1. Would you mind classifying the stretch 210-269 by shape? Square roots of the alpha carbon gyration tensor eigenvalues, ordered a ≥ b ≥ c; an a/c under 1.5 is rounded, otherwise it is prolate if a/b is larger than b/c and oblate if not.
2. Given H placed on each backbone N at 1.01 Å, which residues far from Val579 in sequence or on other chains put an amide H within less than 5 Å of it?
3. At a Förster distance of 60 Å, what's the computed FRET efficiency of Asp433 paired with Thr704, Cβ-Cβ distance as r, to 0.05?
4. From the C-alpha gyration tensor of the stretch 110-223, pull out the three semi-axes of the equivalent ellipsoid (sqrt of 5λ each), sorted largest to smallest, in whole Å.
5. Using only Cα atoms and rounding to the nearest 10 degrees, what angle (0 to 90) does helix 503-521 make with the longest principal axis of the chain?
6. Using C-alpha positions alone, give me the convex hull volume of the stretch 261-384 per residue in cubic angstrom.
7. If you take the Cα atoms of the chain, find Rg, then find the Kirkwood Rh from the mean of 1/r over all pairs, what is Rg/Rh?
8. Roughly what would the spin-label model give for Leu138 and Thr631, points 7 Å off Cα along C-beta, in nm?
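The values are calculated or read from the model by the stated rules, or taken from the named source; none is laboratory data. These numbers were taken from a predicted model, which means no experiment stands behind them. Counting neighbours? That spans all protein chains shown, and the Cβs are built from the backbone with ideal geometry, glycine included. Each accessible area value is taken on the protein alone, full model and side chains, heavy atoms only, with ligands, DNA and RNA left out. Shrake-Rupley method; radii C 1.70, N 1.55, O 1.52, S 1.80 Å.
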Amino acid sequence: MHIHYDVTQSQFSLQAGNATYALKVSKQGLLQHVYWGPQLSTSGTGPSSVPIQERGYTPNLAGAPNGISLDTLPQEFPTYGNSDFREPAFEIFQPETGSRILSLRYNSHTISEGKPKLEGLPSTYVECVEDAETLTILLEDARLQLQVELHYTVFPKHPIITRSARILNKGNQNLEIRRALSASVDFDAELSDYKFVQLSGAWIRERDAHFSTLRPGVQAISSQRGTSSHQQNPFFALAEKGANETDGSVYAYNLIYSGNFLAQVEQDQFQCVRAQIGINPFDFTWQLKPGSSFQAPEVVMTYAADGLGGMSRAMHRFYRQHLLPIAWRDQPRPILLNNWEATYFDFDANKIESIATSGAELGVELFVLDDGWFGHRDDDRTSLGDWVVDHNKLPDGLENLAQKVKAQGIEFGLWFEPEMVSPDSELYRSHPDWCIHVPDRPRTESRNQLVLDFSRSEVRDAIYARIAKILYEVPITYVKWDMNRHLTELGSLRLDATQQQETAHRFVLGLYEIMGRFNQEFPHILFEGCSGGGGRFDPGILAYMPQIWTSDNSDAISRLRIQYGTSLAYPLSTIAAHVSAVPNHQVGRTTPLRTRGHVACTGAFGYELDLGTLTEAEKSEVCSQIEFYKTVRPLLISGDLYRLKSPYESQEAAWMIVSEDRHEALVTHVTVLNEPNAPARRLKLQGLSSEIKYSVRADGDSYTVSGDVLMHQGLFVPQASSDFESIQWLVQAL
Ligand code: DGJ
């Protein structure tokens, strides 16, 4: 048993790997947070009560003894209106009376093996019921006959708890949900000087890690763009003051959701810290009719005592085993060649065939035809939605092209942007009302396109049919699923006036439905997520697509920060990374081919340039990169990441991946700006075994050394001779 219920104390103790989470039912029937942190004894007692103390301006809860105020009680699913003035997790509006007041009290609970699926939403899974245990607590507002099911799942092998909430209207009046976050945890003042860690940025500079000290009041990140976005990510962590890659307590939250989210931390008047995440209440309401229910997304909560590195490894392992699509999660990802940066829209069949051939000759395993193959799409002003081959560019059609590519011994992949429509398209001319819009208002175009209303099943069905036809007809084993704008004029023709603020969430539900359908029907196809690069890099997408195009910025030096930040939450196997041409198309920088290879080959590896234009020496280097990647590829799928030097802190970056059995490791070091006459730099490795002797190889040199020497004395980094140099060491047990 990993979930223990102590009847005498009405307390639940959840054992999650080497962490414990405890909560209890108070005498008033309130669900009270007790503890989250390093493992406590399984008896489930622990520090169960908060001191009861009457304080000014914190009103007592009606009917409760003096000193019991919701404003100071640590809670699990707080509501507003009766003595808690902090940010609530849940808000209801009663249209008949205008009341927003709620009193949720414990009703009952169950503890069961395994983990239920979430209706309509992606979630983490187990294949054997023994791999997880779930506590379901039913809270109820007796007056409204409104119920909330809180689900807590623990995975004994992981320091992870997942939480979600389901709201049920058992009464006979319409209710409106105004806020339904997925999790809320009330920490005490011990966390008041923790750092808030967030991944924020913009297009071509996604997921930069930011650290800020908690302060009184609310600190929040959110998206109201309709997607999880380039600008923010549905991840945050609270890291102990002084925590680093190896030491310190860290609590992380990651929402399995691809739409508008809110993640916030509130430090109250007594320095207690409330940390919450869920669907963004901004421009969101949900009509909860009698008899209906609403499912809030799942949140993955991680506790690590061994710093940010420990947090990341725990999340990576968990996602590799319990989130990524089963068909792909353990499979080596094909080394691909994508034509986007090689041609943009300017190509014909000959050009594409020649690029694919040059890739096949050098050893790539998959050629991907990007945007521009359909309708009459010679630029980004047209044809989205018309998923019919452009015979001007590809006169013999797609199937013929795919067969020619396959004849070279490599697979064929294709780009789609299923959620979009161009105003200049047959689809739009036939169905101008299929896009998200508000009647009588101008429709904002972004990249000259509109967003299809995926909340509507007939729209999804039509798009599914058009794309599936191609996937049946053409031998395609990979699809790049792009999404190149955010949502505006949010409204849906199929929803009544009271439901218009459901549009953004219904769009995401529709997206999940159609992605699920594609996964089900085409399990042999590897779907790669993309949204103008990494604009939708979140666990919701990863549940359907095991890798995501990390950024439209393919410059190796920019990628140091982007991939480093992304790796805080997401496994390397999910981080798609390509070698592209120089000068780089996004930042104009010229970096060595070797460095571009080193940076890209610690992700889902590929190329994005015309390999045919390279010199013979460069081609031979590409061949070696590909051969090398094939040998270290298993590390990417199941190895552990150790970040050694942060590109945020200095002019160098270093990281390593270690196999589960610690027998093999790949270490990468990149110099950003070279320092003249620099001090000798050492790189202390991590995650190896002290007892094992390893061979260390780099650039033709090799020597033997024990793991403890590598970890305590470290490797000397050779002095770079110019900017942007890199080195990789392969460490293998003898
Ligand atoms: C944005 C993507 O991130 C790029 O890789 C490319 O596929 C373009 N869209 C195509 O329009």
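1. It is oblate, given that a/c is not under 1.5 and a/b is not larger than b/c.
2. Gly606, Tyr607, Glu608
3. Calculated transfer efficiency: 0.30.
4. They are 30, 22, 17 Å, listed largest first.
5. Long axis of 503-521 versus the principal axis of the chain: about 50 degrees.
6. It comes to 280 Å³ per residue, whole-number rounded.
7. Rounded to two decimals, Rg/Rh equals 0.98.
8. A separation of 6.1 nm, rounded to one decimal place.
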